[in-house]
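The values are calculated or read from the model by the stated rules, or taken from the named source; none is laboratory data. This is a predicted model, so every value here is computed, not measured. Virtual Cβ from ideal backbone geometry, glycine too; neighbours counted across all protein chains shown. Each accessible area value is taken on the protein alone, full model and side chains, heavy atoms only, with ligands, DNA and RNA left out. Shrake-Rupley method; radii C 1.70, N 1.55, O 1.52, S 1.80 Å.
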Amino acid sequence: MPLPLLIAPSLLASNLLNIEQDIRACEAGGADLLHYDVMDGHFVPPITFGADFVTMMKGLTTLPIDVHLMVTNPDHQVELFADAGADWISVHAEVTPHLHRTLDRIKQRRCKSGVVLNPVTPLEYAFEAAESCDFILLMSVNPGYGGQAFIPSFLQRCERLRTWLDAQGLSHVEIEVDGGIKVENAKRVIEAGANILVSGSGVFGGNVAERINALRG
Ligand code: DX5
Ligand code: ZN
């Protein structure tokens, strides 16, 4: 059975001074997840938001919150975000030395667990961790900023990962793509095997409902 296509607007591109309005637009537009980018000023240069803000958002919306931890010490954050109400949590392979342990801790907190790979990180990291994952997030830009250009090598990587997962009996493991996803390239990334599309500037740069709808193809 094909995995459901999920659209996850990235709140990094929303108007943070009026985030409630943007979250309502995501709800009305049929978004499936809210993507929440946590940056620590160390793994990536910018600093964004922490777990307390997730607690506040949980009081505002029932949409699941997909926390992407771009931090050097994700093990310090997992419980904080799970307790705050995160529904999906992903950690970068490049900075998580005990991946299985961390992914298991995420699952123990009843969150979906994911590993994230930067565009040049070998897919073997995902192969090794896949059995402990609900999803694998392949970056299609180098993390840290919204509005960057999609790196085309994503397509081959994604196809290879999807084929490998299916061959291993891991068809339930979902593939998320993050970075430079727009209406123009959504069809190609879906064909390559991604079923969770993160889009920041691609969604909030126009009419949210129309953009979400168009991303579905
Ligand atoms: C970048 C973040 C992305 C970002 C995507 O490091 O992980 O989630 O918000 O923004 P766009 O869709 O504008 O590339
Ligand atoms: Zn992200």
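Mind checking whether some residue in region 134-151 is more than 16 Å from ligand 2 (Cβ to nearest atom) and polar (S, T, N, Q)?
No, the conditions are met nowhere in region 134-151.
Six or more apart or on different chains, Cβ atoms under 6 Å: show the pairs whose first residue is in region 68-93 and under 16 Å from Asp104 (Cβ atoms) and whose second is away from ligand 2 (no atom under 12 Å from the Cβ) and among the hydroxyl-bearing types (Ser, Thr, Tyr).
Within 6 Å, the pairs are Pro74/Thr96; Asp75/Thr102; Val91/Thr102; Ala93/Thr121; Ala93/Tyr125.
Please name all residue pairs, on different chains or six or more residues apart, with Cβ atoms under 6 Å, provided the first residue is in region 167-183 and is without any contact (Cβ under 8 Å) to a residue 40 or more places away in the chain and the second residue is open to solvent by 10 Å² or more (accessible area, probe 1.4 Å).
Val183/Ala214
If you scan region 157-166, which residues turn out to be in contact (Cβ under 8 Å) with a residue 12 or more places away in the chain and open to solvent by 50 Å² or more (accessible area, probe 1.4 Å)?
Correct list: Glu159, Arg160, Thr163, Trp164.
Determine the pairs where a residue that is farther than 21 Å from Leu138 by Cα, located within region 191-214, has a partner that is more than 8 Å from ligand 1 (Cβ to nearest atom) and open to solvent by less than 40 Å² (accessible area, probe 1.4 Å) with Cβ atoms under 6 Å apart, the partner being 6 or more residues away or on another chain.
Taking only residues 6 or more apart or on different chains, the pairs are Phe204/Ser14; Val208/Ala25; Val208/Gly29; Ala209/Gly29.
Name the single residue, out of those in region 34-91 being of a type in the set (Asp, Glu) and under 12 Å from the mean Cα position of the chain (by Cα), that is surrounded by the most Cβ atoms within 10 Å (Cβ to Cβ).
Asp66
Residue by residue through region 167-184, note down the ones that are within 17 Å of the chain's Cα centre (by Cα), open to solvent by 10 Å² or more (accessible area, probe 1.4 Å) and away from ligand 2 (no atom under 16 Å from the Cβ).
His172 - this is the single residue of region 167-184 that is within 17 Å of the chain's Cα centre (by Cα), open to solvent by 10 Å² or more (accessible area, probe 1.4 Å) and away from ligand 2 (no atom under 16 Å from the Cβ).
For region 148-155, indicate whether the set of residues that are away from ligand 1 (no atom under 15 Å from the Cβ) and part of a helix (DSSP H, G or I) is non-empty.
Yes: region 148-155 contains one or more residues that are away from ligand 1 (no atom under 15 Å from the Cβ) and part of a helix (DSSP H, G or I).
Each row is one residue, and each column tells you yes or no for (1) open to solvent by less than 60 Å² (accessible area, probe 1.4 Å); (2) over 13 Å from the mean Cα position of the chain (by Cα); (3) over 18 Å from Pro9 (Cα atoms); (4) hydroxyl-bearing (Ser, Thr, Tyr).
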| residue | (1), (2), (3), (4) |
| --- | --- |
| Lys107 | no, yes, yes, no |
| Val120 | no, yes, yes, no |
| Ala129 | yes, yes, yes, no |
| Asp134 | yes, no, yes, no |
| Leu137 | yes, no, no, no |
| Tyr145 | no, yes, no, yes |
| Ala149 | no, yes, no, no |
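In region 1-30, how many residues are open to solvent by less than 10 Å² (accessible area, probe 1.4 Å), away from ligand 2 (no atom under 13 Å from the Cβ) and not in a helix (DSSP H, G or I)?
Counting residues in region 1-30 that are open to solvent by less than 10 Å² (accessible area, probe 1.4 Å), away from ligand 2 (no atom under 13 Å from the Cβ) and not in a helix (DSSP H, G or I) gives 1.
Starting from region 5-19, keep only residues that are modelled with pLDDT under 95, then list their pairs with residues that are more than 12 Å from ligand 1 (Cβ to nearest atom) and of a type outside the set (Lys, Arg) whose Cβ atoms are within a distance under 7 Å, requiring at least 6 positions of separation or different chains.
none
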